[in-house]
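Novice: First the structure, which I've put down as structure tokens, then a few questions once you've had a look.
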Amino acid sequence: MKYAARRIAMLLLTMVIVSFFAFAAFSMISGDPATAMLGTTATPEKVAALRAELGLDRPWPVRYVEWLAGFFTGDLGISYSYGTPVWELIAPKVGLTLCLSLLSFMLIVAVSIPLGLRSAGRTGGRLEWLGTVMNQLGMAVPPFFTGILLTWVFSTMLHWFIHGQMPSLTQNFGGALRYLLFAAVALAVPRIAMTTRMLRSTIRREMERDYVRTAISRGNDRSGVLRRHVLKNALVPVVTFLAQTMAEIVAGSIVVEQVFAIPGLGRMLVASIGSRDYPVVQAIVVILAFWVVLSGTAADIVNQRIDPRLRMGGRT
């Protein structure tokens, strides 16, 4: 519990630092949001009044403290482009991107771990050669290209879904998940290949250790030793890799959401950058950073549970 508490405290400290630099960067970017909203023909009085309404007439450190306090209550400011609270604007997008990321991650775990176990037991032969080729192909194909192929096959040819017409999560949850599944597959394919390869390599290295040879020489079943002892030790680096994968899935979803026309955080981030809607961009950046840091923290806690010896390492 102490280890988990320390990791959570580090997570909160990291998020405060990230949010500080994000707020400072967007506050120092050239250009006046009030002028951008009203246009260059607006009178100085109107610009000054809008700056006061938005709180832009105060020093940015003061505004940051207020923003940080509001962040924990869901008050992320007002969107420059839409004039609505930022959280109300991005909350549905967060749900979509989170569903897409979690669905992709579940596919990665459900497919790569059984494949890694099976491929680790094969040495030589055509099946291993074919598996290696497919693995290399999966890692080489980028998600956006896989997404284009899936759209062409399953939308244009087979009409399994209508591109650009995703059902609402709240009104048609099953239909929305079915639509998201194709995007999740596009995101998952290269990571399935990478995770399978890593798990296969770590299992094979672990199988060559002395304790495995001793256990097998004493009459223990090879597959039983693999499941009870080898897999547990081999999962430690894989869990860390999966945490990185979870973080990269969110980043990759920005592109995949464009391919499948999913109205998630990725599409809103691109649109907000183009319109210089800095409160929205800042909120999305902090949320994405939180997801990345949370993934790493969760991996450290899970690894410590898998192998308590990590408490004695440098991360304790």
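Novice: Among the listed residues L54, L76, L11, L68, identify the single one that is under 25 Å from W291 (Cβ atoms) and either touching a strand residue (DSSP E or B) at 6+ places or on another chain (Cβ under 8 Å) or among the basic types (K, R) (or both).
Specialist: Matching residue, one of L54, L76, L11, L68: L76.
Novice: Another one. Being closer than 19 Å to W87 by Cβ and surrounded by 14 or more Cβ atoms within 10 Å (Cβ to Cβ) is the filter here, so list the residues in segment 56-65 that pass it.
Specialist: R63, Y64
Novice: I need the full set of residues from segment 253-285 which are over 13 Å from the mean Cα position of the chain (by Cα) and closer than 30 Å to R6 by Cβ, in order please.
Specialist: Matches in segment 253-285: Q282, A283.
Yes or no, residue by residue, for (1) among the basic types (K, R); (2) over 15 Å from V259 (Cα atoms); (3) in contact with a helix residue (DSSP H, G or I) (Cβ under 7 Å, 6 or more places away or on another chain):
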{"site": "M134", "(1), (2), (3)": "no, yes, no"}
{"site": "M139", "(1), (2), (3)": "no, yes, yes"}
{"site": "M166", "(1), (2), (3)": "no, no, yes"}
{"site": "A184", "(1), (2), (3)": "no, no, yes"}
{"site": "P190", "(1), (2), (3)": "no, yes, yes"}
{"site": "T196", "(1), (2), (3)": "no, yes, yes"}
{"site": "I203", "(1), (2), (3)": "no, yes, yes"}
{"site": "E206", "(1), (2), (3)": "no, yes, yes"}
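Condition check ((1) of a type in the set (D, E, K, R); (2) touching a helix residue (DSSP H, G or I) at 6+ places or on another chain (Cβ under 7 Å); (3) touching a residue at least 24 places away in the same chain (Cβ under 8 Å)) across all residues:
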| residue | (1), (2), (3) |
| --- | --- |
| A9 | no, no, no |
| F20 | no, yes, yes |
| F23 | no, yes, yes |
| M28 | no, no, yes |
| V47 | no, yes, no |
| G55 | no, yes, no |
| P61 | no, no, no |
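Novice: In this structure, does V225 turn out to be at pLDDT below 85, out of contact with any Leu (no Cβ under 7 Å at 6 or more places or on another chain), in a helix (DSSP H, G or I) and of a type outside the set (S, T, N, Q)?
Specialist: Values: at pLDDT below 85: yes; out of contact with any Leu (no Cβ under 7 Å at 6 or more places or on another chain): yes; in a helix (DSSP H, G or I): yes; of a type outside the set (S, T, N, Q): yes.
Yes, satisfied.
Novice: Sticking with this one: Just for segment 268-290: of the residues that are surrounded by fewer than 19 Cβ atoms within 10 Å (Cβ to Cβ), in contact with a helix residue (DSSP H, G or I) (Cβ under 9 Å, 6 or more places away or on another chain) and not aliphatic (A, V, I, L, M), which one is modelled with the highest pLDDT?
Specialist: F290
Novice: Only one of these conditions is not met by L158: (1) surrounded by 13 or more Cβ atoms within 10 Å (Cβ to Cβ); (2) among the hydrophobic types (A, V, I, L, M, F, W, C); (3) farther than 27 Å from E206 by Cα. Which number is it?
Specialist: (1)
Novice: Further, regarding this structure: It is to be established whether one or more residues within segment 238-252 are free of Cβ contacts under 8 Å to residues at least 40 places away in the same chain, surrounded by 15 or more Cβ atoms within 10 Å (Cβ to Cβ) and out of contact with any Asp or Glu (no Cβ under 6 Å at 6 or more places or on another chain).
Specialist: No.
Novice: Among the residues in segment 112-122, are any surrounded by fewer than 14 Cβ atoms within 10 Å (Cβ to Cβ), among the charged types (D, E, K, R) and within 26 Å of L242 (Cα to Cα)?
Specialist: Yes - at least one qualifying residue is present in segment 112-122.
Novice: Checking the structure you have, find out if any residue of segment 242-252 is farther than 25 Å from R178 by Cβ, over 18 Å from the mean Cα position of the chain (by Cα) and in the same structural domain as I287 (by TED's automatic domain parsing).
Specialist: No, the conditions are met nowhere in segment 242-252.
Novice: So I17 passes all but one of these: (1) β-branched (V, I, T); (2) surrounded by 13 or more Cβ atoms within 10 Å (Cβ to Cβ); (3) under 21 Å from T297 (Cα atoms). Which condition number does it fail?
Specialist: I17 satisfies all of (1) β-branched (V, I, T); (2) surrounded by 13 or more Cβ atoms within 10 Å (Cβ to Cβ); (3) under 21 Å from T297 (Cα atoms) except (2).
The values are calculated or read from the model by the stated rules, or taken from the named source; none is laboratory data. Computed from a prediction, not measured in an experiment: that's the story for all the values here. With ideal geometry, Cβ positions are generated from the backbone for all residues, glycine too; neighbour counts draw on all protein chains shown.
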